[in-house]
Amino acid sequence: MPLPFSTAERDGDIATPTDTTTTVNTTTTVKKSATDTIAALLASEDLYEDHRRWRRPYHPGPLRVGGAAMLLLLASYLLVSGVIIAAAGALPGAGVCFAIAAVLITVAVRMVRTGIWVSPQGLRQQRLLRAVTLSWAEVAEVRTVQQPVRVVGTPRTAQGQALVVRRTDGGTLPVLVTDRNADFVGRPLAFAAAADAVEDRVAAFTA
C-alpha cells in the first residue's frame, strides 16, 4: 500500500503544462548539443595526438601480430629456461638462452613495426632489417598499382596490388605494402582502406 507522504506532491512540485514544455525543449536542446559535440570529437583526430611523431596510418594485420606473439611466447619460454639453468649453476647455458630470447624479442618488435610511416619530416619505409627515410622533397608520389607481388614474403608471386613510393629522382622504393603481405592477405578491403589512408596523409603533407 503506498504511503501518503511518499506519493503526495507538494504544491511547488506540480508541473504546469508550460513548465513541462519548456523542460522538454531544454532537455532536447541539451541532448542535441551533446550529441553534436560527441560526433565532432569522434570525427576529428585525437585532441592529444602529437602530429610531429612518426605514425603508421594503418594497423598491422592479424597474421603479423600473431607471428610476433608466437616469437614473444617462445622468448618467454627461453627466459624462464635461462633462469632455471642459471639457478642450477650453468651460467654459459643461461647466457645462450637469454641471448636468443633477446634476438627473438627484437625480431618480434621490428616485425610489428614493419610498414610505411609518415610524419611532417617525411616518409619512412620500415623493413625487418633496415629502414629508408625520405624527406617530402624527395617523394614524388605514392599510389596503388597492379603488379605481381610476393605472397606473405615467400618467393611465390601472384597478381595483386602494391603501394608504390616513387622518388623525385625517378627511382622507386622496394615494394613493401601489398594486398598479399602479412598485413592484408585475404583482406582486400583493409588494404584498400590502408592505401587510401597513406595516400591521404602523403597528399596532406606534400600539399
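The values are calculated or read from the model by the stated rules, or taken from the named source; none is laboratory data. Everything numeric in this text was worked out from a predicted model, so none of it was measured. Virtual Cβ from ideal backbone geometry, glycine too; neighbours counted across all protein chains shown.
Being in a loop (DSSP other than H, G, I, E, B) and of a type in the set (A, V, I, L, M, F, W, C) is the filter; apply it to region 180-197 and report the residue that is surrounded by the most Cβ atoms within 10 Å (Cβ to Cβ). So the residue we want is PHE184. Only one entry in SER119, SER76 is over 23 Å from the mean Cα position of the chain (by Cα) and of a type outside the set (A, V, I, L, M), namely SER76.
Would you confirm, using the coordinates I've provided, whether VAL177 is exposed (fewer than 15 other Cβ atoms within 10 Å of the Cβ), in contact (Cβ under 8 Å) with a residue 40 or more places away in the chain and within 30 Å of ALA69 (Cβ to Cβ)?
Details: exposed (fewer than 15 other Cβ atoms within 10 Å of the Cβ): no; in contact (Cβ under 8 Å) with a residue 40 or more places away in the chain: yes; within 30 Å of ALA69 (Cβ to Cβ): yes.
In short, no.
Cβ separations smaller than 6 Å between residues 6+ apart or across chains give the following pairs from region 107-126 residues that are among the charged types (D, E, K, R) and surrounded by fewer than 20 Cβ atoms within 10 Å (Cβ to Cβ) to residues that are modelled with pLDDT of 90 or more and assigned to a strand (DSSP E or B): ARG113/GLN126; ARG124/TRP117; ARG124/ALA131; ARG124/THR133.
Return the residues of region 146-167 that are of a type in the set (A, V, I, L, M) and exposed (fewer than 14 other Cβ atoms within 10 Å of the Cβ); say none if nothing qualifies. Let's see the steps before the verdict.
Step one: filter region 146-167 for residues of a type in the set (A, V, I, L, M), giving 149, 151-152, 158, 162-165.
Within region 146-167, just ALA158 meets the criteria.
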